[in-house]
């Protein structure tokens, strides 16, 4: 892509074969991102903030544990989302996703080939052998956020085919290796 306003650069090219206009546009984008990031301050939290952070994390983990027994063959993903919503509401919390940019669900549920952020739906029904990721982002009444996800084997591990098991194993191994660094 070339930017018309950089007419002098439009006809040139860099040593890598990209147009000079592309290089100028890229540099402008990088500069813009750097300026944006430098204007934001990342707060350093005090030890007294850690307890409510932990409570948010525990609540999110409990929401995943609560939905797990409902991940069965024949259930639709909207029903699972309703389970998440009711659980969080009963504990005075809500999903961070609910209402965000018009999103009307309390979780993202991604079966099989859906990479991430699947939208819950009555028309998406889980079958034995499916793998499904449930992603829950929580906001507590104290205003703290926590985000968790877990991949489940619908119908149990014995229902999953070898490829699905290998995928989940490789993903878990990659996560573990990253955490060990």
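The values are calculated or read from the model by the stated rules, or taken from the named source; none is laboratory data. Not measured: the values here are computed from a predicted model. All Cβ positions, even for glycine, are placed from backbone atoms using ideal geometry, and neighbour counts span all protein chains on display.
In region 83-94, of all residues being surrounded by fewer than 17 Cβ atoms within 10 Å (Cβ to Cβ) and free of Cβ contacts under 8 Å to residues at least 40 places away in the same chain, the one that is nearest to residue 152 (Cα to Cα) corresponds to 86. Taken over region 56-78, the criterion of being surrounded by 15 or more Cβ atoms within 10 Å (Cβ to Cβ), in a helix (DSSP H, G or I) and out of contact with any helix residue (DSSP H, G or I) (no Cβ under 7 Å at 6 or more places or on another chain) is satisfied by 56, 57, 59, 60, 61, 62, 64, 77, 78.
Taken together, the residues in region 112-153 that are closer than 23 Å to residue 170 by Cα, within 13 Å of the chain's Cα centre (by Cα) and not in a strand (DSSP E or B) amount to 5.
Could you tell me whether any residue of region 167-175 is part of a loop (DSSP other than H, G, I, E, B), at pLDDT 90 or above and either outside the structural domain of residue 81 (by TED's automatic domain parsing) or more than 21 Å from residue 57 (Cα to Cα) (or both)? Taking every residue of region 167-175 in turn, none turns out to be part of a loop (DSSP other than H, G, I, E, B), at pLDDT 90 or above and either outside the structural domain of residue 81 (by TED's automatic domain parsing) or more than 21 Å from residue 57 (Cα to Cα) (or both).
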